[in-house]
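Step one of this worksheet: look at the structure below.
Any read-out appearing in this document is the output of simple, stated calculations on the displayed coordinates, not a laboratory observation. Keep in mind that this is a model prediction, so the values were computed, not measured. Cβ coordinates were reconstructed from backbone atoms using ideal geometry, including for glycine residues, and neighbour counts include every protein chain displayed.
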Amino acid sequence: MSEKPNKLGSVNWEWEIKPETSWWNISLIELYSYTDLLQQLVRKDFLGLYQQTLLGPFWALLQPLLTVLIYVVVFNNIIGISTGSVPPFLFNLIGITLWNLFSEIFLQTSKTFSQNADLFSKVYFPRIIVALSTLWLQLLLFGIQLLLLIVAYIFFLIKGEVDFNLGRLLLIFPVIAITTGIGFGGGLIFSVLTAKYRDLLSLIQLIIRLLMFVCPVFYTLSMVPEKMQWLVNINPLSSLFEYFRFAFLGMGSIDILHLSYSTVFMLAMVCFGVMFFNKMSDKLIDVL
Amino acid sequence: MSDIVIQAENISKLYHLGTIGSGSLRREMQLWWERKILNNEDPNQYIRGGKKIDNTEAVWALKNIDFEVKEGEALGIIGHNGAGKSTLLKILSRIVKPTEGIVRGRGRISSLLEVGTGFHAELSGRENIFICGHILGMKKTEILKKFDEIVEFSGVEAFIDTPVKRYSSGMYVRLAFAVAAHLEPDILIIDEVLAVGDADFQKKCLGKMNDASKQSGRTILFVSHNLQAVNNLCSKALWLDKGNIRARGNTKSVVNEYLSALHKNSWIKEFSTLNEAPGNDLIRVLYVELIPHLDDPNNVPDIRTPLTVKFRFYNASDNIVLSTDLLLFTLAGECIFDIPSKPAIYEKGMVEGECTIPGNFLNDGSYSFTLHFARDTSSELFSYEECLMFDIADYRESINWYGKWWGYVRPDFPLVLNALIK
């Protein structure tokens, strides 16, 4: 804001359009005024996703269910990865649920610019609103999958194959928060990069696929050989999967130090992601 | 009384032609390394004949634009395609950033650069009213308050719960514009939206915009090729030409200046030698001119202006029965009239012709003349197609309707009404 006197005295300009956006120029007041839009975008995407489909939101359940079945057959029955006393179905479902949260948020957020080029070149609103609406939609879909997981968990609980500890189970909330943050921050950074270099979008798909094997989705950290432990240690996601599984099953190795590393990594990703996105979003319109 | 709500200082916008950046990460990093670290020139510049040619040509879409808009003012922005009008609107709507300069302002801006921004084809009209409204910056309560009004204005009540992908294109556009028309920002930015919809709907839209500017005192920035609409809606106008402001001020004078510059060149065609002149071995047309009978030479011909066409041609044949036709075509290629000259015997040599079309005959629009030469009124000697192109501006007095006047001709025949006494 600046003041400039004119013949009527001093005028308070309410806004300015300047060539450069500063790194810090994020107005929370402005963002707040767009909450209606955010809400509507989530609604639109959710409704649009399942309009004229047979199963509607059940698709959100079908995908993890089928994946789990394939994993159980391939990793546990054919390759023979042991899940101990835990039913392989539940073991894999836990991993896949958290993995889906991360990969979907990361992938969908990274498409923010490439998929909304038309909209962005016609009307102004803070671009991050679209990324936030993607985030909320993915959290909503994750909620549906989490329900599936809880139903499966209760089923095995009744069968007596797993045990229950409320204090332990509450751990899922920080784990979900950190996973979401890393996915969102990374997605924001890549959304800028993919807008500029379209080929990166296919690279992201590849990164996600490779990353899944580095994360303990269908194995536990204790199975990782000594030689490869460094890979586990530098991967900020690995402890999250261990904690998530621990919350439900009470199994696996947990390491507070590594969780703190993940938290710091998440905060750094989100801060840098938001700033980078905000700084670059105005310039990208010329490139899209 | 009237405060300045937008103040633009030295706005410039640079665009790079061709691919922006190199599109590949490797080259970009190489470029950055060479330029910033080693301080060299771009290693990938094309070198042609020993001279370096920059492969990304830069173009100033706007250059040093300064202007102010006062509260409640309606500013029309006119100019050719590519003059920078849309770039200017995009900068003001905060979609793109200027390369240089600063714009300051007060109040909420809504911009309408396209109808149906953010529409989702799978969702119903009802949902889309909300989506579109929110995207354009309306609050939920505002939309709820105006919902019925919007639906009524659009005229798609019966289909409001049908997915918009099943709408006809007309319904789609009407619904989209209806949302936009009910925006209540302090500053409204509109780009060419009136090019859509049928005449009836256009009239409705212009009426709505007229209300917005004249009754509600809203500030409007309006880009259009419909000069009649600009004339009627806007008090001030800005003429952009190749990124610069060519003229500004009172709408009428800016529009006139624009039109006369636009058409002066195509009103005369003159050739000094027979070989250059269009034609063939039989006929060569050396000169054609359109002379509008204007009181003030700075004005442009409007529907009241008589027009004279003068031409001179060389007839290469001796003792033939020659006649000439003057044909008038619309831009779409429909013939409005064909006026023949009296057939007569002419010797080899120059022949001159002239025809005057009275005022209050043609409707406003774009037209072209064609000259047709025939022997014995039957065999064609030469046809000089579209030798003159011109526009007729509209003129209305005490009429509150801004849409396109129907018809190709607009003769001033008296139509008399008499009230019958019971």
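Couple of notes before you dig in:
- A Förster distance of 51 Å, applied to the separation of the beta-carbon atoms of residue B:3 and residue A:144, puts the FRET efficiency at 0.45.
- A simple spin-label model places pseudo-atoms 7 Å from Cα toward Cβ; at residue A:161 and residue A:256 they are separated by 3.4 nm.
- Longest exposed-site-free window of chain A, the sites being GluC sites (Glu not before Pro) in a DSSP loop that have at most 16 other C-beta atoms within 10 Å: A:21-160
- Phi to ³J(HN,Hα) by Karplus 6.51 cos²θ - 1.76 cosθ + 1.60 over the stretch B:271-288, Hz, x for Gly, Pro: 10, 8, 10, 5, 5, 6, 5, x, x, 9, 5, 9, 9, 10, 9, 8, 7, 9
- Amide H to amide H, with H built 1.01 Å from N, residue B:77 comes under 5 Å of B:222, B:223, B:224, B:238, counting only residues 5 or more places away or on other chains.
- A Stokes-Einstein calculation at 20 °C with viscosity 1.002 mPa s, built on the Kirkwood radius of the stretch A:94-170 over Cα pairs, returns a diffusion coefficient of 144 µm²/s.
- Lysine pair count for the stretch B:245-344 [Cα-Cα under 25 Å; pairs on different chains or 8 or more apart]: 5
- 37 °C / 0.692 mPa s Stokes-Einstein diffusion coefficient of the stretch B:271-392, Kirkwood radius on C-alpha pairs, µm²/s: 216 µm²/s
- Annotation: aspartates and glutamates with alpha-carbon distance below 16 angstrom to residue A:44 (same-chain offsets under eight excluded): A:36, B:122, B:127, B:161.
- Using alpha carbons only: equivalent-ellipsoid semi-axes of the stretch B:88-167, gyration tensor based, whole Å: 30, 15, 9
- Once the chain from residue B:337 to residue B:396 is taken as fully extended at 0.36 nm per residue, the excess over their C-alpha distance is 18.8 nm.
- Degrees, to the nearest 10: A:256-284 long Cα axis against longest axis of chain A: 30 degrees
- Degrees separating the helix B:169-181 axis from the principal Cα axis of chain B, which is the longest one: 60 degrees
- Average partner coverage of B:123-133, which counts Cβ from other chains inside 10 Å: 3
- At most 15 other Cβ within 10 Å, DSSP loop - chymotrypsin sites (Phe, Trp or Tyr not before Pro), the stretch A:17-120: A:23, A:24
- Across all directions, the average projected area of the convex hull around the alpha carbons of the stretch B:173-327 is 14.2 nm².
- All aspartates and glutamates inside 20 Å of residue A:18 as judged from Cα atoms, apart from same-chain residues fewer than 8 positions distant: A:3, A:30, A:282, A:286, B:9, B:66, B:68, B:100
- Anisotropy class of the protein assembly as shown from Cα gyration tensor, a/c 1.5 cut: prolate
- Compared with the direct C-alpha span, the chain from residue A:65 to residue A:23 gains 10.8 nm at full extension, assuming 0.36 nm per residue.
- Ranked for footprinting exposure by Cβ neighbours inside 10 Å, fewest first, A:258, B:372, B:293 give B:293, B:372, A:258.
- Taking the alpha carbon gyration tensor of chain B, multiplying each eigenvalue by 5 and rooting it gives semi-axes of 46, 35, 21 Å, largest first.
- Residues A:97, A:35, arranged from fewest to most other Cβ atoms within 10 angstrom of their Cβ, appear as A:35, A:97.
- Partners of residue B:70 within straight-line reach, counting lysines whose Cα lies under 16 Å from its Cα and excluding those fewer than 8 residues away in the same chain: A:4, A:7, B:214, B:236.
- Helix axis angle, B:199-210 relative to chain B longest principal axis, alpha carbon, degrees: 60 degrees
- Taking each residue as 0.36 nm, the span from residue A:229 to residue A:119 lengthens on full extension beyond its C-alpha to C-alpha distance by 35.0 nm.
- Mean-position separation - Cα centroids, the stretch B:355-371 and the stretch A:95-128, in angstrom: 57 Å
- Only helices enter this figure: runs of n ≥ 4 DSSP H residues, each worth -39500 (n - 2.57), summed and divided by the residues of chain B, yield -6000 deg cm²/dmol at 222 nm to the nearest 500.
- Euclidean distance between Cα centres, the stretch B:150-183 to the stretch B:202-223, Å: 20 Å
- The stretch A:54-144: Cα Rg divided by the 2.2 N^0.38 Å rule of thumb: 1.44
- Relative exposure of B:408, A:124, judged by other C-beta atoms within 10 Å (fewest first): B:408, A:124
- The spacing between the stretch A:244-288 and the stretch B:97-132, judged by their C-alpha centroids, is 31 Å.
- For chain B, a simple Cβ point-charge model (Lys and Arg +1, Asp and Glu -1, everything else neutral) yields a dipole of about 1560 debye relative to the Cα centre.
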